[in-house]
1. Show the residue pairs meeting these rules: Cβ distance below 7 Å; 6+ apart or different chains; first residue within segment 169-197 and under 18 Å from Ala136 (Cα atoms) and among the small types (Gly, Ala, Ser); second residue open to solvent by 70 Å² or more (accessible area, probe 1.4 Å) and in a strand (DSSP E or B).
2. Can you pull out the residues in segment 55-70 that are open to solvent by 50 Å² or more (accessible area, probe 1.4 Å) and under 21 Å from Asn91 (Cα atoms)?
3. State all residues of segment 158-200 that are small (Gly, Ala, Ser) and either in contact with a Gly (Cβ under 8 Å, 6 or more places away or on another chain) or open to solvent by 60 Å² or more (accessible area, probe 1.4 Å) (or both); if no residue qualifies, say none.
4. Hey, can you tell me all the residues within segment 92-125 that are open to solvent by less than 70 Å² (accessible area, probe 1.4 Å), of a type in the set (Val, Ile, Thr) and over 26 Å from Arg58 (Cβ atoms)?
5. Scan segment 215-231 for residues that are of a type in the set (Phe, Trp, Tyr) and at pLDDT below 95 and report the count.
6. Only one of Ser107, Ser115, Ser154 is of a type in the set (Ser, Thr, Tyr) and within 26 Å of Asn54 (Cα to Cα). Can you tell me which?
7. What tally of residues in segment 189-224 results from selecting those that are out of contact with any strand residue (DSSP E or B) (no Cβ under 7 Å at 6 or more places or on another chain) and over 25 Å from Asn98 (Cα atoms)?
8. Report every pair of residues separated by at least 6 positions or lying on different chains whose Cβ atoms are under 7 Å apart, first residue within segment 211-227 and closer than 17 Å to Arg65 by Cβ, second open to solvent by 70 Å² or more (accessible area, probe 1.4 Å) and modelled with pLDDT of 95 or more.
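The values are calculated or read from the model by the stated rules, or taken from the named source; none is laboratory data. Since we're looking at a predicted model, the values are computed, not measured. For neighbour counting, all protein chains shown are included, and Cβ atoms are generated from backbone atoms with ideal geometry for every residue, glycine included. Heavy atoms of the whole protein, side chains included, go into the accessibility calculation; ligands, DNA and RNA do not. Shrake-Rupley method; radii C 1.70, N 1.55, O 1.52, S 1.80 Å.
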Amino acid sequence: MKDKKGKKPTAPYSLSPNSIKANNEFAEANRVFSLLYKRFQQVMSLHWDPKKLNRLRRLILEIIRTAPVEQTGNRKLWDGDFKKLEGFQLNTKNTATNVFRALITTSIDPNKGLSFYIPPFKYDVAFTKTHPNTTAAEVRLFMFSFDIVNKVSSGGSILLINQRHGEDLEKEYTFNLPLDNNRLTLIIRKVSFKSGSDHTDILDRQYIDATLTHAIYLKDGQLVTFVPEPKEPLVQKIETPVGVWEDLG
C-alpha cells in the first residue's frame, strides 16, 4: 500500500539480537559510571576533561566485557575483572608515589574484613612531597559499597593518619574495615595536607593523592576471584619452505 504521496511506507528498522545486547552493555556501563562518579566526587572535587571521563567509561565497559560470553547482554561490573579498577587515580595532577611512600600492609578476610597494618615511619620518608605551608599531613580512607544490580551505594570515610609536619610515626597500629556481603567494595586512599593553626585544607591539586587501592567483591560470604575464560589457541599457518613446490591442484 502506498501513502498519499505515492511512496511506500518504510519498514521499521529492527536491531539484531547482538546489537541489542551490545546496547544493553553500553547502557549498563553508563549507569555504573554515574554511580561511581557520584561517589568519587565525595573524595575530592573532580575537574576531569572529556578524555578522562571517557577513559573511565571505557574501563568500566572493558571490565563488563571480560565476563563470560554466554552472559552477554546481561553482564555486570562484578561479573568481570573488577580488579582492573585498582590503581585508578582520581586526581589527574599527581601520582600516588609522589606524595606518600609509607608501607601499609593489607589483608582481606571474608569474615574479619579488610585489615590494615601501619608500621612506624619517618615523616620525611613517608611524605616525600609536601606543600611549603604544610602544618599537618593526612591520610584518609574512603569506603564505598555498591549494589550493581539495583544501582545503589553506601559509603563513609575514616582518618587513618594525621601527622604534624615533620613528626615521625613512632608506634605501629592496625585497623579493620568490615565488608558488606553481596556488594562490590571500593577503597580509596586520599593523601592531603593542612596549613595554618586551624589546619585548613590545602587544595593545591599538585599535593593531593586520591587512588583507588582495593576493589573487593564478597558474594554469599566468599571473596570472588575473577577467572578469565580460556582463549582458543591461535592456529599458526605453516609456511611453505623456500624451494619446495606447492601443489595448488
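1. Ser192/Asp201
2. In the first step, residues of segment 55-70 are kept if they are open to solvent by 50 Å² or more (accessible area, probe 1.4 Å); the result is 55, 57-58, 62, 65, 69-70.
Of everything in segment 55-70, those that are open to solvent by 50 Å² or more (accessible area, probe 1.4 Å) and under 21 Å from Asn91 (Cα atoms) turn out to be Arg55, Arg57, Arg58.
3. Scanning segment 158-200 gives a single hit, Ser197.
4. Within segment 92-125, Val99, Ile104, Thr105, Thr106, Ile108, Ile118 meet the criteria.
5. Number of matching residues: 1.
6. Only one candidate qualifies: Ser154.
7. Residues flagged as out of contact with any strand residue (DSSP E or B) (no Cβ under 7 Å at 6 or more places or on another chain) and over 25 Å from Asn98 (Cα atoms) within segment 189-224 amount to 6.
8. From residues that are closer than 17 Å to Arg65 by Cβ, the pairs are Ala215/Lys83; Phe226/Lys83.
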